[in-house]
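A short reminder: the numbers here are calculations on the coordinates, not readings from a lab. Worth saying up front: this structure is predicted, and the values here are computed from it rather than measured. Cβ coordinates were reconstructed from backbone atoms using ideal geometry, including for glycine residues, and neighbour counts include every protein chain displayed.
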Amino acid sequence: MRLSTIERKRFRVRKKLKSVSKGRYRLSVSRSSKNISAQIIDDVKNITLVSASSIDKNIKGQKKNKSELSTIVAEMLAKKANEKNIKKIYFDRGIYKYHGRVKIFADTLRKNGMEF
């Protein structure tokens, strides 16, 4: 089975992260042209612990630009993670470059107490 370029990039990034970060949860980010979402995943148990998205009802009503949506979603995710005592994670950017909205998202998480 031949993998597409996007799938190869996703597996390559994830493999590097998993080899370096043992004993931490994975923060997976996905974005589209309008929205951004993220979830903290326990890879050992294969469950999602915490998730946040710009499609949620309380965020969707606000008329914000895309970079402001990234900061709002990051603050919401950090708040939910702090309630579950999750501090140390590793940042899985997936196929996206660490630039623009993804970088704003990561910087906001760091400001709110997440370590990666």
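Under a 5 Å amide H cut-off, with hydrogens placed 1.01 Å from N, L49 pairs with I40, I41, D42 among residues at least 5 apart or on other chains. Pairs of Cα atoms nearer than 8 Å and 6+ residues apart set the relative contact order; for the chain it is 28 percent. With semi-axes defined as the square roots of five times the eigenvalues of the C-alpha gyration tensor, the equivalent ellipsoid of segment 8-85 measures 25, 16, 9 Å, largest first.
If you take every DSSP beta bridge fully contained in the chain, what fraction is antiparallel? Give it as a percent rounded to 5.
70
The order of F91, F11, F105, going from fewest to most other C-beta atoms within 10 Å of their C-beta, is F11, F91, F105. Distance between the 7 Å Cα→Cβ label points at R110 and S67: 1.7 nm. Between the C-alpha center of segment 85-116 and that of segment 1-32 there is a gap of 14 Å.
Computed over the chain, the per-residue total of -39500 (n - 2.57) for DSSP H runs of n ≥ 4 gives a 222 nm mean residue ellipticity of -13000 deg cm²/dmol, rounded to 500.
Each of V13, V29 was scored by other Cβ atoms within 10 Å of its Cβ. Arranged with the fewest first, they read V13, V29.
Each residue of segment 37-49 was assigned a 3J(HN,Hα) from its phi angle through the Karplus curve 6.51 cos²θ - 1.76 cosθ + 1.60 (θ = phi - 60°); the sequence is 9, 8, 8, 9, 10, 8, 6, 6, 8, 6, 10, 8, 8 Hz, with glycine and proline shown as x.
Across segment 15-26, computed HN-Hα scalar couplings (Karplus, 6.51 cos²θ - 1.76 cosθ + 1.60, θ = phi - 60°) run 5, 4, 5, 5, 6, 8, 9, 9, x, 10, 7, 9 Hz from first to last residue, x flagging Gly and Pro.
The order of K22, K16, going from fewest to most other C-beta atoms within 10 Å of their C-beta, is K22, K16.
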